[in-house]
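Undergrad: Dropping the structure in here first, questions after.
The values are calculated or read from the model by the stated rules, or taken from the named source; none is laboratory data. No experiment lies behind these values; they were computed from the predicted model shown. Methodologically, a virtual Cβ is constructed for each residue, glycine included, from the backbone with ideal geometry; neighbour enumeration extends over all protein chains shown.
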Amino acid sequence: MGDFNALRVIEALRSGVPSLAVGEYFSEARPDFLKKLRDRLEAVRQSGRSDGMLYTGRYGEGKTHLLNTVFSMASAENMAVSCVSLGKETPMDRPWLLYRKLAANTYLPGARQPGFRIRLEELTQSSSAANELLAYTGKELDTDKLYYLLRAFFGTQEEEERSLFLADLEGDFTTGAVIRRSYRRAAGTPAKFNQNFSKTKHSMDYFYFLSHLFPTLGYDGWVLLFDEAELIGRLGKRARAKSYREMQTFLKPPAKLERTFSLFALSSSYTEDVIDKRHEQENVQNLFAGDPDSLKAAQATLNAILRAPELVPLKKEEVIRVLMDIQRFHGLAYGWTPEVSADTLYRATEAGGYLLRTKIRAAIEFFDQLYQYGEAGKTRISELGKESLEEEEETPELPELEDI
């Protein structure tokens, strides 16, 4: 009988789809790069000051695997982790939609399933955590919507209202009328908002709130992992420019974003295929000609991409270390003891090409054959296709309705 966790890792590697389970166990590759990331995570935990960075890598060189490894590192250090792949469904240029996706993919330390709702449901009106959150939302955010929402949430016994308020904190924004009605019933006085909340203008309040919520609940910070950032290159030029502007908020976080570390992974080809070919520096200058703050932020992000560290192909000894781990996990997964020398295993995967992903899949096929037939012929895994960053047609933006 094989080991279930080992089988889960092998099947994830076989599929070629990056997995958190893989990142949990395969963390030996690129130790120098991981040490730098670990040091920056620790600095955020110790100092409370937020930080952000991005890195690039060729297709199949382990960009997503590295993010999954950072996920495991951060979770082990008592940090909440949110992980998303950017794209049309998770648009960086629309923070209110980005927040909803991040909230839905937030894992508390040690949790196998995403979500933070259960911790909010545990809070009572008289708890120190509730009082701290009320004091924070009443004074530190750009609007006081979340203050009135929390007061209403803690004060109501109506399950339907509580559910609406919890959904709001997860990005499914409720109406001001519901908040006013519930607040008046709980507090006995009308809610007097300092300004109308607009998700297009004030959605960062929710990011700030989560960054304060997690330390208040006893966690040591918040890690945001953004995969496939190169898909920004498929957007129209206006959406791309706005994406660069919004990315800078996470790369150089304001003080209101507390104890947060953000990490972006994108393709090495982004500079050539998008920044150079589509004249991005000129585009952001034209689009933000009358908005110097947005222009400065967008340009800073483009410069950060140009200077980003790149994941270089693993050295032979690093590849061998990964392949030998696969041998160990394959044996655990299927309850047998494969005994293949490092050199033999490395030669068996050479036909798969230079990509780490295909070498891994070739090694699994090699061990599958040994396990089933007692011998292994040539593996048949070949290089997979290269990603495309062709620009999509610009999508017209519709006016957003005010929430309050």
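Undergrad: Restricting attention to segment 71-100, report how many residues are within 12 Å of the chain's Cα centre (by Cα), within 15 Å of GLU246 (Cα to Cα) and among the aliphatic types (A, V, I, L, M).
TA: 3
Undergrad: Could you grab me the full set of residues in segment 312-333 that are closer than 20 Å to GLY57 by Cα, without any contact (Cβ under 8 Å) to a residue 12 or more places away in the chain and assigned to a helix (DSSP H, G or I)?
TA: Residue satisfying the conditions is GLU317 alone.
Undergrad: Output the number of the condition that ARG151 fails; it satisfies all remaining conditions of (1) within 27 Å of LEU98 (Cα to Cα); (2) touching a Ser or Thr at 6+ places or on another chain (Cβ under 7 Å).
TA: Here ARG151 meets the rest and fails (2).
Undergrad: For segment 272-294, indicate whether the set of residues that are among the β-branched types (Val, Ile, Thr) and in contact with an Asp or Glu (Cβ under 8 Å, 6 or more places away or on another chain) is non-empty.
TA: Checked against the condition, which is being among the β-branched types (Val, Ile, Thr) and in contact with an Asp or Glu (Cβ under 8 Å, 6 or more places away or on another chain), segment 272-294 yields at least one hit.
Undergrad: Of all residues in segment 103-129, which are more than 30 Å from PRO91 (Cβ to Cβ) and surrounded by 15 or more Cβ atoms within 10 Å (Cβ to Cβ)?
TA: Across segment 103-129, the qualifying residues are LEU123, ALA129.
Undergrad: Would you check if there is a residue in segment 289-305 being surrounded by fewer than 17 Cβ atoms within 10 Å (Cβ to Cβ) and within 24 Å of the chain's Cα centre (by Cα)?
TA: yes
Undergrad: Pick from PHE71, PHE116: which is in contact (Cβ under 8 Å) with a residue 40 or more places away in the chain, farther than 26 Å from SER267 by Cβ and out of contact with any Pro (no Cβ under 8 Å at 6 or more places or on another chain)?
TA: PHE116
Undergrad: Being touching a Ser or Thr at 6+ places or on another chain (Cβ under 8 Å) and not in a strand (DSSP E or B) is the filter here, so list the residues in segment 95-110 that pass it.
TA: PRO95, TRP96, LEU97, LEU98, TYR99, LYS101, LEU102, ALA103, ASN105, PRO109, GLY110
Undergrad: Also, I was wondering about something else. Considering only residues that are in contact with a Lys or Arg (Cβ under 9 Å, 6 or more places away or on another chain) and surrounded by fewer than 20 Cβ atoms within 10 Å (Cβ to Cβ), which ones fall in segment 171-185?
TA: GLY171, ASP172, GLY176, listed by residue number.
Undergrad: Given the condition outside any helix (DSSP H, G or I), surrounded by 15 or more Cβ atoms within 10 Å (Cβ to Cβ), among the β-branched types (Val, Ile, Thr) and modelled with pLDDT of 95 or more, answer yes or no: does some residue in segment 49-61 qualify? Don't jump to the end; show me each part of the working.
TA: We begin by selecting, within segment 49-61, every residue outside any helix (DSSP H, G or I); these are 49-61.
Filter again for surrounded by 15 or more Cβ atoms within 10 Å (Cβ to Cβ), leaving 50-61.
With among the β-branched types (Val, Ile, Thr) added as a condition, the list becomes 56.
Then keep just the ones that are modelled with pLDDT of 95 or more; that gives 56.
Scanning segment 49-61 turns up at least one residue that is outside any helix (DSSP H, G or I), surrounded by 15 or more Cβ atoms within 10 Å (Cβ to Cβ), among the β-branched types (Val, Ile, Thr) and modelled with pLDDT of 95 or more.
Undergrad: Next question, about the same structure. Among the residues in segment 375-386, are any at pLDDT below 80, in a helix (DSSP H, G or I) and touching an Asp or Glu at 6+ places or on another chain (Cβ under 9 Å)?
TA: Within segment 375-386 (the criterion being at pLDDT below 80, in a helix (DSSP H, G or I) and touching an Asp or Glu at 6+ places or on another chain (Cβ under 9 Å)), the answer is no, since none of the residues qualifies.
Undergrad: Return the residue satisfying two criteria in turn: it lies in segment 247-266 and is among the small types (Gly, Ala, Ser) and either under 18 Å from ALA297 (Cα atoms) or at pLDDT below 95 (or both), and of such residues it is surrounded by the fewest Cβ atoms within 10 Å (Cβ to Cβ).
TA: Going residue by residue through segment 247-266, those that are among the small types (Gly, Ala, Ser) are 255, 262, 265.
Adding the requirement that they be either under 18 Å from ALA297 (Cα atoms) or at pLDDT below 95 (or both) leaves 255, 262.
Numbers: ALA255: 10, SER262: 23.
Looking at residues that are among the small types (Gly, Ala, Ser) and either under 18 Å from ALA297 (Cα atoms) or at pLDDT below 95 (or both), I get ALA255.
Undergrad: Quick one: which helices (runs of 4 or more DSSP H) lie wholly within segment 115-208 and hold at least 2 residues that are more than 28 Å from ARG259 (Cα to Cα) and β-branched (Val, Ile, Thr)?
TA: The helices (runs of 4 or more DSSP H) meeting that bar are 176-187.
Undergrad: On the basis of being under 18 Å from the mean Cα position of the chain (by Cα), crowded, with 21+ Cβ neighbours inside 10 Å and either in a helix (DSSP H, G or I) or of a type in the set (A, V, I, L, M) (or both), does LEU67 make the cut?
TA: yes
Undergrad: Please identify the pairs in which a residue from segment 160-182 that is closer than 10 Å to LEU149 by Cα has its Cβ atom under 6 Å from the Cβ atom of a residue that is of a type in the set (Phe, Trp, Tyr), counting only partners at least 6 apart or on another chain.
TA: As it stands, the answer is PHE165/PHE153; ILE179/TYR148, since those pairs meet every condition given.
Undergrad: Cβ contacts < 8 Å: first residue acidic (Asp, Glu), restricted to segment 196-215; second residue crowded, with 22+ Cβ neighbours inside 10 Å, any location; separation 6+ or different chain. Result?
TA: ASP205/LYS145; ASP205/LEU146; ASP205/PHE197
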